[in-house]
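The next block holds one structure in the form of C-alpha cells; read it before the comments.
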Amino acid sequence: MKPGSRDTNLMEKEHIKKLAGNPKFITGIYNYCDRWCERCPFTLRCMNLALVNEQFPDQESRDINNETFWRGLSETFRLTLDLLKEAAEREGIDLDAVSTEKDAEQEELNDEMARNYECCRMAKAYAEMVDNWFNSVQAASATANREGGKKQNIWHN
C-alpha cells in the first residue's frame, strides 16, 4: 500500500483511534501544550507527542525547508479532516449546511449585546482612561526632556 491510498488511510485512522483509546495517554492534555516538550513531565502520556514522533521520526522530516516535512504535515491535515468529517457524520452534523448569513446576523446581535452590557462599557471606559493616562505621561516626559535637556526613563527614575 502506498501512502495516501484508501487502505493506508483506514489503517492510519484506526491507529489514531486506538491511540486515543489508550489509557496511558491523558485525554486532551495537548490542549494545554506550550510545545516545550523537553521540560514537560507528561511527554510519556501525551498522544500528540507520540503521533508527532511517528509522523516526523527524524531531523530531516522535521526541517521546514524540506519537502518531506510538508508532505507529512499535509498528510496529517488530510487525515485530521477525514476524522472530523467522520465524527460530524456520526453526530449528525452536516458540515456543508453552514449558514454564514444567519451566523453573521447572530454575531452582530452578540456584538450589540456586548457593547450594551454594563461591565463591557465600564471596561472600555477604563481602558480609554488608561490609554489617556499613558499618553499624558508620555507627553509630559517628552516635554520635560526637551526643556531639561536630559533623557530620563519615566518608569525608572
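The values are calculated or read from the model by the stated rules, or taken from the named source; none is laboratory data. Only a predicted model underlies this, so the values are computations on that prediction, with no experimental measurement involved. Backbone-built Cβ (ideal geometry, glycine too); neighbour counts: all protein chains shown.
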Q | Unique residue being surrounded by fewer than 13 Cβ atoms within 10 Å (Cβ to Cβ) and either in contact (Cβ under 8 Å) with a residue 12 or more places away in the chain or of a type in the set (S, T, N, Q) (or both) when the list is S61, S74 | A | S74
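Can you tell me which residue among L81, L49 is modelled with pLDDT of 90 or more, touching a Ser or Thr at 6+ places or on another chain (Cβ under 7 Å) and part of a helix (DSSP H, G or I)? Please lay out each step first, then the result.
Working: L81 fails: touching a Ser or Thr at 6+ places or on another chain (Cβ under 7 Å).
Criteria check complete, one pass: L49.
Being under 30 Å from E12 (Cβ atoms), surrounded by 10 or more Cβ atoms within 10 Å (Cβ to Cβ) and not assigned by TED's automatic domain parsing to the domain that holds K17 narrows it down to one residue among L81, L95; which is it? Talk me through it step by step, then tell me what you get.
Numbers: L81 fails: not assigned by TED's automatic domain parsing to the domain that holds K17.
The unique qualifying residue is L95.
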(Q) Being surrounded by 14 or more Cβ atoms within 10 Å (Cβ to Cβ) and of a type outside the set (S, T, Y) is the requirement here; does R45 meet it? (A) yes
**Q.** Subset of region 98-107 (residues that are loosely packed, with under 10 Cβ neighbours inside 10 Å and either within 21 Å of K17 (Cα to Cα) or of a type in the set (S, T, N, Q) (or both))
**A.** S99, T100
